[in-house]
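Here is the structure we will look at.
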Amino acid sequence: MRYQISGKQLDVGDALQTHVKSELGETVEKYSQRPTDASVVFSRNAHEYLCEATVHLSTGLTAAAVGRAGEVYAAFESCREKMDKQLRRHKRRLKDHHRERMEPVEFGPAGMYVLAAGDDAADSDTGALSPVIVAEMETNVATLSVGEAVMQMELLGAPLLVFRNEKHGGVNVVHRRDDGNVGWIDPRNSK
């Protein structure tokens, strides 16, 4: 597994890098036999340390965790425990579905835009919306089943996930609803 361990405004020494590689490697190997790479970023926010870890699995799924503590090693341990919990749940769900993905998740390119927020988006003369594009990037959209999309959304801790439905290839969205349930938007199922 490839590791990228860095610090924002913080020096990450050899001892911490060795500790991260051994502990995170042990955690990930316990639940996933084929991890590809891991990115760990340490930063400091006032009096507490922050550790953000992202692990990419060979199946195409991504697990992410964040830990906070008063010391840098404690922040990493908090992050590692959350990663362990996510990977354990992921493995349990794979067993519950009695289905393993034999081939990696396919990704397709998609445009991604960041729009400016505020009152400037509305044209005062016509009343029409004309948002200002702040950033234009390219992102990847995974081809997943609905269950895998929900699992990926929960692993990332994201409020929503856009994906291609592997059954019909159409673009779908799963999102966390205000009532705590998960919503699924599939435009092909509309009447």
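The values are calculated or read from the model by the stated rules, or taken from the named source; none is laboratory data. Everything numeric in this text was worked out from a predicted model, so none of it was measured. Cβ: placed from backbone, ideal geometry, glycine included. Neighbour counts: every protein chain shown.
For the stretch 17-35, indicate whether the set of residues that are modelled with pLDDT under 85, of a type outside the set (D, E, K, R) and assigned to a strand (DSSP E or B) is non-empty.
yes
So, in the stretch 23-47, exactly how many residues are free of Cβ contacts under 8 Å to residues at least 40 places away in the same chain and within 12 Å of residue 76 (Cα to Cα)?
So the answer is 4.
Got a number for residues in the stretch 158-191 being loosely packed, with under 12 Cβ neighbours inside 10 Å and of a type in the set (A, V, I, L, M)?
0
So that you can scan it fast, the table gives a plain yes or no per residue for (1) within 24 Å of residue 148 (Cβ to Cβ); (2) crowded, with 16+ Cβ neighbours inside 10 Å:
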| residue | (1), (2) |
| --- | --- |
| 26 | no, no |
| 29 | yes, no |
| 36 | yes, no |
| 51 | no, yes |
| 54 | yes, yes |
| 65 | yes, yes |
| 74 | no, no |
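From the set of residues in the stretch 126-157 that are part of a loop (DSSP other than H, G, I, E, B) and in contact (Cβ under 8 Å) with a residue 12 or more places away in the chain, which is surrounded by the fewest Cβ atoms within 10 Å (Cβ to Cβ)?
132
Regarding the stretch 88-97, can at least one residue be identified that is loosely packed, with under 13 Cβ neighbours inside 10 Å, at pLDDT below 85 and more than 20 Å from residue 63 (Cβ to Cβ)?
no
Name every residue in the stretch 39-75 that is under 20 Å from residue 153 (Cβ atoms) and either modelled with pLDDT of 90 or more or part of a strand (DSSP E or B) (or both), in order of residue number.
39, 52, 53, 54, 55, 56, 57, 62, 63, 64, 65, 66
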